[in-house]
Amino acid sequence: MNGFTFYLEYPTTKDKKHGTRKKLGNHSGNVMAVFGEWYKGGNDEYQKDCFSSLFDHANSVCCGGSVGSSYLNDKCKRISEKQAREIHSNLFDYLA
């Protein structure tokens with residue numbers, strides 16, 4: 001899918017650090033599809049628009065929103081579209 005960058009969410013920063021691209025480790029089972037340009041949000045943090053999980057359980061239904069740069073850095077790891085499709089099929093149902 002053109003224009004999207006996919007990020008796998010982790011419950012903690014420690015879990016993120018233990019995961020690799022081949023062995024993803026203990027992740028939440030949800031992926032964010034991030035798009036657009038960075039902009040400064042209300043709290044002076046840079047943000048991007050995204051589609052992400054609505055609930056905190058694996059393969060959750062999705063909604064639109066935004067994500068801050070600190071959340072992406074602390075609790076998310078960039079993954080391929082193929083991996084994202086395998087992990088969070090509801091996201092791709094939402095994007096279709």
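Values quoted throughout were computed directly from the atomic coordinates according to the rules given, and no laboratory measurement underlies them. From a predicted model like this one, the values you see are computed outputs, not experimental measurements. Neighbour counts are summed over all protein chains in view; Cβ atoms, including those assigned to glycine, are modelled from backbone coordinates with ideal geometry.
A Stokes-Einstein calculation at 20 °C with viscosity 1.002 mPa s, built on the Kirkwood radius of the chain over Cα pairs, returns a diffusion coefficient of 161 µm²/s.
For the chain, the number of Lys pairs with C-alpha atoms closer than 23 Å, counting only pairs eight or more positions apart or on separate chains, is 24. For Leu54, the residues whose amide H sits under 5 Å from its own are Val61, Cys62, Cys63, ignoring neighbours fewer than 5 places away on the same chain, with H placed 1.01 Å from N. Of the trypsin sites (Lys or Arg not before Pro) found in region 2-91, those that fall in a DSSP loop while having at most 13 other beta-carbon atoms within 10 Å are Arg21, Lys22, Lys23. Its DSSP H runs of at least 4 residues, each contributing -39,500 (n - 2.57), put the calculated 222 nm mean residue ellipticity of the chain at -7000 deg cm²/dmol, to the nearest 500.
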